[in-house]
Amino acid sequence: MDLAYTDAEEEYRSRLRDWLAVAVPELPPRPPPDDWPARRAYDTAWQRALYDAGYGEVHWDASPTLRLIFLEETERAGAPYVGANFVGLLHAGPTIAAEGTPQQRERWLGPVLRGDEIWCQGFSEPDAGSDLASLRTKAVRDGDAYVVTGSKIWTSHAEVADWCELLVRTDPAAPRHRGITWLAMPMDAPGITVRPLRTLAGSAEFAEMFLDEVRVPVACRVGEENDGWRVTMVTLSFERGTAFAGEVVACRRTLAEVAAEARANGSWDDPAVRRRLGRLYAEFAALWRLIQWNVSAAASNGSLPGTGGSVFKLRYSHARQELYDAAAEVLGPDALDLSRPWTLERLSSLSYTIAAGTSQIQRNIVAERILGLPKGR
Amino acid sequence: MDFRLTDDQRALRSGVRRLLTRRFGREALRAAVDREGRLDRDLWRELGRAGLFALRLPESDGGAGLGLPEAALVFEEAGRALLPGPLVATQLAAGSVPGAADGTAVVTCAGQLSSLVAHLVDADVLVTIGAGAPHVVAAGEAAAVRSLDPLTPLHRLPHPPPAASGPLLGAAVLLTAAEQLGSAARSTEDAVRHAGDRVQFGQPVGGFQAVKHLCAEMLVRTEVARAAVRAAAVTGDLTEIAGAKLLADDAAVRGARDCLQVFGGMGFTWEADVHLHLKRSLLRAQMWLTTVQAEEIQAQALASAL
Ligand SMILES: Cc1cc2nc3c(=O)[nH]c(=O)nc-3n(C[C@H](O)[C@H](O)[C@H](O)COP(=O)(O)OP(=O)(O)OC[C@H]3O[C@@H](n4cnc5c(N)ncnc54)[C@H](O)[C@@H]3O)c2cc1C
């Protein structure tokens, strides 16, 4: 058990810190949440800057420890997180890197790393949420293309994406998990209609996507036909890995700001408030240690983040909600004013126990895959 | 950074587990309950010979020269096995109170549990912990208390002793948290095993989501506590140690309660071991550092982080 960073790791940290100290203050102001083209431009420009500085591939190539240092330092410097690059950098990219052909890696990975192209994720459907394998959007082979018809929902970044990692059913007769195929769909193909959906926080974060005989070249299939479920599992295990590390650092900073507010407005004198914030301090410290634990464990099992990610996500998503609830207690009636800090974040944090596998689904995963309890429904 | 256990640490842990399985299995545990927590002095000496108390003493003083991380692994195993006795106090006294290191003396501590003292009946030496080495004190007219935990006899001192403090307190809190962690892990395992074996409505009860999710939450609390306890053992940082105790107390107490729920009526019996983990963890949660104190320490750290 060694928590000290090596000299090489510390050197990496200080070089990165120096670079961030120059790069972050040069950033333009953040665009408003509803201005998607501006958000895309902002997020891709940041990815380009990282790429030019040699940090573009940190999510893929760096050792898990360097990635952790990267996430810690960028968050500390107030740099943007992946934003609209999320799917490309953390879902589709790693999947293509692991499962794609050399030509596919050549075609898609560079543009993601340089911030030239944005991806979205078309997995969920109106009737296939937690039960993703029941998805029905169908793809029928026609020469050198699949003809895709159906609908997707909750597709984040759909409005500005160039590509969509799409799950389709290619064999309706096969057992559910065996008839699914993973396609990269060009978002400018004819037949795609994107309809933004407004979230409870007021902004349009995701969209519905209607697909009407969209032609996707067979060359855009990653993995074999009908092998998409296995390919998908590769993607999902990435999502549940270190993806949230930067956010834990951010939560620790927010907690300190909430404590400062509590001291300023006098609620700190209430032991119940103080102790609630104190417990959160221990909570986020432990979550950071758990990430380090998972990162070290990943080094033994071939660096693919394992089921430990489910344990982390379960606890983290609830801790984050508790953080903003505690902030609301500190703010009192001001927590009803949307222009106050943390109020919008409190609303947004409600998605954490739903997106990327609900808490109930995570508990099923922990119970069945880690604890070995019987599978059930 | 490599948070994983080293091969030596793994070997240490499995060595201790083997020793405790052999010398303090279920029968010995129930015999200890029947003795109302009175200690088996042969076992105590054997623990001493195995190095449980001298672990952190330098090799020149007859110790193993190991650190807090190793001690935490050993105490995790003690917690799993519900090993009784003032293990933490005796380890703190090793090197300064004669006989503590090799298990010939039983040392307990006043001031770790307000005016209550654990295992005074079997203790050869009573100490307090403050600045410097543990300080030997007289018990005076201590009155026996009916202890909640059948494995821990308690006495009440006539005058409340000074609360434990000083440089040794961090290790005391951390090792107690490690015991809690071991207990939490054990409760999780027991609940999962029972849920897989017990059949109702034609299926193992572990197939019911309500039960499954209880078990999943037990594991989550245990794993979060594990990361916290092990990291705190490595850094030795007092705030981090206090935070680890908070999380480990929670994992142990709630874990034992959830385990009780999973066991159903059997969980409410004297016969099952579930209550032993619950009662012991309730006691440890009060020891050395209470929830309120630990939360206030976190709040202070937060305030000074601004
Ligand atoms: C902010 C946000 C962004 C998202 N972005 C994307 C995206 O970009 N691309 C994409 O494809 N999807 C996206 N999603 C979709 C997300 O993956 C799904 O919402 C999620 O998987 C849950 O599916 P559902 O909404 O259909 O809920 P349902 O599956 O209908 O669940 C309803 C309730 O039933 C519970 N439940 C369901 N099955 C079980 C079970 N077996 N055991 C116990 N309880 C169960 C659930 O926990 C939940 O409480 C996003 C969601 C959100 C909130």
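List of remarks:
- Count - residues of the range A:138-177 that are out of contact with any Ser or Thr (no Cβ under 6 Å at 6 or more places or on another chain), more than 10 Å from the ligand (Cβ to nearest atom) and within 28 Å of A:Ser203 (Cβ to Cβ): 5
Yes/no per residue for (1) within 14 Å of another protein chain (Cβ to nearest Cβ); (2) within 15 Å of the ligand (Cβ to nearest atom); (3) more than 14 Å from A:Gly228 (Cβ to Cβ); (4) crowded, with 17+ Cβ neighbours inside 10 Å:
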residue	(1), (2), (3), (4)
A:His91	no, yes, no, yes
A:Arg105	no, no, yes, no
A:Leu113	no, no, yes, yes
A:Gln121	no, yes, no, yes
A:Ser124	no, yes, yes, yes
A:Asp127	no, yes, yes, no
A:Arg136	no, yes, no, no
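- Taken over the range A:341-377, the criterion of being hydroxyl-bearing (Ser, Thr, Tyr) and over 22 Å from A:Ser203 (Cα atoms) is satisfied by A:Ser359 alone.
- Members of the range A:331-377 that are among the small types (Gly, Ala, Ser), over 21 Å from the mean Cα position of the chain (by Cα) and within 13 Å of chain B (Cβ to nearest Cβ): A:Ala367, A:Gly372, A:Gly376
- Members of the range B:212-225 found to be more than 16 Å from the ligand (Cβ to nearest atom) and either over 28 Å from the mean Cα position of the chain (by Cα) or more than 7 Å from chain A (Cβ to nearest Cβ) (or both), listed by number: B:Met218, B:Arg221, B:Thr222, B:Ala225
- Taking the listed residues B:Ala299, B:Ala272, B:Ala256, the one that is within 12 Å of another protein chain (Cβ to nearest Cβ) and in contact with a helix residue (DSSP H, G or I) (Cβ under 6 Å, 6 or more places away or on another chain) is B:Ala299, with no other qualifying.
- Qualifying strands (runs of 3 or more DSSP E) (wholly inside the range A:175-232; at least 1 residues being surrounded by 15 or more Cβ atoms within 10 Å (Cβ to Cβ) and in contact with a Lys or Arg (Cβ under 7 Å, 6 or more places away or on another chain)): A:180-186, A:206-217
- Scanning the range A:328-377 for residues that are crowded, with 19+ Cβ neighbours inside 10 Å, more than 25 Å from A:Asp34 (Cα to Cα) and more than 16 Å from the ligand (Cβ to nearest atom) turns up A:Val330, A:Leu331, A:Ile370.
- Residue within the range B:249-258 that is at pLDDT 95 or above and over 27 Å from B:Pro69 (Cα atoms) present: yes
- Inter-residue pairs, beta-carbon under 9 Å, first of a type in the set (D, E, K, R) and in the range A:118-129, second in a loop (DSSP other than H, G, I, E, B) and more than 6 Å from the ligand (Cβ to nearest atom), 6+ apart: A:Glu125/A:Leu135; A:Glu125/A:Arg136; A:Glu125/A:Thr137; A:Asp127/A:Leu135; A:Asp127/A:Arg136
- No other residue among B:Gly196, B:Gly95, B:Gly166 is in contact with a Gly (Cβ under 9 Å, 6 or more places away or on another chain), surrounded by fewer than 24 Cβ atoms within 10 Å (Cβ to Cβ) and within 14 Å of chain A (Cβ to nearest Cβ) apart from B:Gly196.
- Test for A:Asp325: is it more than 14 Å from chain B (Cβ to nearest Cβ), without any contact (Cβ under 8 Å) to a residue 40 or more places away in the chain, closer than 24 Å to B:Leu246 by Cβ and away from the ligand (no atom under 16 Å from the Cβ): yes
- Scanning the range B:261-306 for residues that are closer than 30 Å to B:Arg198 by Cβ and of a type in the set (Val, Ile, Thr) yields a count of 3.
- Residues located in the range A:40-60, provided they are farther than 19 Å from A:Asp18 by Cβ and either within 18 Å of the chain's Cα centre (by Cα) or among the hydrophobic types (A, V, I, L, M, F, W, C) (or both): A:Arg40, A:Ala41, A:Tyr42, A:Asp43, A:Thr44, A:Ala45, A:Gln47, A:Glu57, A:His59, A:Trp60
- Residue selected from the range B:1-53 under the condition charged (D, E, K, R) and within 14 Å of chain A (Cβ to nearest Cβ), by the criterion nearest to the chain's Cα centre (by Cα): B:Arg13
- Residue match in the range B:243-252 (condition: outside any helix (DSSP H, G or I) and either of a type in the set (Gly, Ala, Ser) or more than 7 Å from chain A (Cβ to nearest Cβ) (or both)): no
- Within the range A:301-312, not a single residue is more than 13 Å from the ligand (Cβ to nearest atom), in contact with a strand residue (DSSP E or B) (Cβ under 9 Å, 6 or more places away or on another chain) and not in a loop (DSSP other than H, G, I, E, B).
- Filtering the range B:45-57 for residues that are buried (at least 18 other Cβ atoms within 10 Å of the Cβ) and under 25 Å from B:Pro162 (Cα atoms) leaves a non-empty set.
- Look at the range B:185-201: where a residue is of a type in the set (Lys, Arg) and a partner is not in a helix (DSSP H, G or I), sitting 6+ places away or on another chain with Cβ atoms under 7 Å, you get B:Arg198/B:Pro204.
- Filter pass, B:Leu83 being at pLDDT 95 or above, assigned to a helix (DSSP H, G or I) and out of contact with any Gly (no Cβ under 7 Å at 6 or more places or on another chain): no
- Of the criteria (1) of a type in the set (S, T, N, Q); (2) more than 11 Å from every other protein chain (Cβ to nearest Cβ); (3) farther than 27 Å from A:Trp288 by Cα, which one B:Gln209 fails: (2)
- All conditions in (1) crowded, with 20+ Cβ neighbours inside 10 Å; (2) assigned to a helix (DSSP H, G or I); (3) charged (D, E, K, R); (4) under 18 Å from the mean Cα position of the chain (by Cα) hold for B:Arg257, with the sole exception of (1).
- A:Ile180 being under 30 Å from A:Gln47 (Cα atoms), among the β-branched types (Val, Ile, Thr) and either within 9 Å of the ligand (Cβ to nearest atom) or at pLDDT 95 or above (or both): no
- Single residue of A:Thr74, A:Thr44 found to be within 22 Å of A:Val295 (Cα to Cα), surrounded by 20 or more Cβ atoms within 10 Å (Cβ to Cβ) and at pLDDT 90 or above: A:Thr74
- Within the range A:222-242, residues that are at pLDDT 65 or above sit with their Cβ atoms under 7 Å from residues that are in a helix (DSSP H, G or I) and hydroxyl-bearing (Ser, Thr, Tyr), at 6+ positions apart or across chains, in these pairs: A:Val222/A:Thr95; A:Val231/A:Thr95; A:Val234/A:Thr95; A:Thr235/A:Thr95.
The values are calculated or read from the model by the stated rules, or taken from the named source; none is laboratory data. All of these numbers come straight from a predicted model, not from anything done at the bench. So basically every Cβ, Gly included, is an ideal-geometry build from the backbone, and we count neighbours across all protein chains shown.
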